[in-house]
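Beneath this line is the structure, given in structure tokens, with notes to follow.
The values are calculated or read from the model by the stated rules, or taken from the named source; none is laboratory data. Everything numeric in this text was worked out from a predicted model, so none of it was measured. Ligands, DNA and RNA are excluded from the accessible area calculation, which covers all protein heavy atoms including side chains. Shrake-Rupley method; radii C 1.70, N 1.55, O 1.52, S 1.80 Å.
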Amino acid sequence: MAESDEREQNNLSRVDHVILVLSGKGGVGKSTVTRQIALGLVEEGKKVGILDIDLCGPSIPHMFSLTGRDVHQGTDGWIPVYVDDTQSLCVMSIGFLLNNKDEAVVWRGPKKNAMIKQFLSDVVWGQLDYLIIDTPPGTSDEH
Ligand SMILES: Nc1ncnc2c1ncn2[C@@H]1O[C@H](COP(=O)(O)OP(=O)(O)O)[C@@H](O)[C@H]1O
Ligand SMILES: [Mg+2]
């Protein structure tokens with residue numbers, strides 16, 4: 001097994017359910033639905049993570065008022081950003097790695113796929129009941 005596949009398994013091994021939010025079009029409410037599902041599950045007492053892989057227009061940080069927050073590197077990978085002290089909701093977004101939220105990332109092909117792969121393998125989610133993935137528009141390689 002390749003090293004990154006192994007890490008992907010380790011960091012996702014304690015995630016019980018993965019929900020993928022996708023649609024062929026942009027601006028139809030994917031990020032809004034992602035947010036509502038997450039908040040609904042937290043309300044039910046679940047531990048939830050959101051992975052925002054909309055590399056072209058990550059809106060999740062903005063929606064949770066987390067723009068400008070830093071992602072820290074731990075020994076096992078990136079530590080997601082926790083929305084509040086209850087630690088019931090955490091977020092990882094490409095938006096945290098950009099300097100400003102309007103900065104469009106125009107990555108293609110292998111580079112984009114490598115970034116998504118790294119997102120899957122290198123984030124230390126810990127135990128989660130649900131991981132919700134907000135995707136870019138389309139039904140392409142990233143999905
Ligand atoms: N059910 C809805 N009714 C009306 N407007 C909505 C609804 N869901 C989302 N919107 C609005 O539509 C726009 C795009 O939503 P967004 O969730 O960012 O879409 P996507 O992630 O698919 O690009 C936002 O301005 C959002 O506030
Ligand atoms: Mg979106």
Over the range 3-134, with neighbouring protein chains present, the accessible area per residue in Å² at probe 1.4 Å is 54 Å²
Kirkwood calc, the chain, C-alpha pairs only, radius in angstrom 15.3 Å
Check: in the chain the Lys pairs 8 or more apart or on separate chains whose Cα atoms fall under 24 Å apart number 14
With the 8 Å Cα cutoff and a minimum separation of six or more residues, the chain has a relative contact order in percent of 44 percent
Carbon and sulfur atoms account, in whole percent of the 1.4 Å probe accessible area of the range 3-134, for 48 percent
Asserting the computed 222 nm helical MRE of the chain (DSSP H runs at least 4 long, -39500 (n - 2.57) per run, divided by residue count, to nearest 500) equals -9000 deg cm²/dmol
Of T139, T67, ordered by accessible area with the largest first and a 1.4 Å probe, the sequence is T139, T67
Amide H proximity to L131 below 5 Å, modelled H, separation 5+ or other chain, gives H17, V18, I19, G49
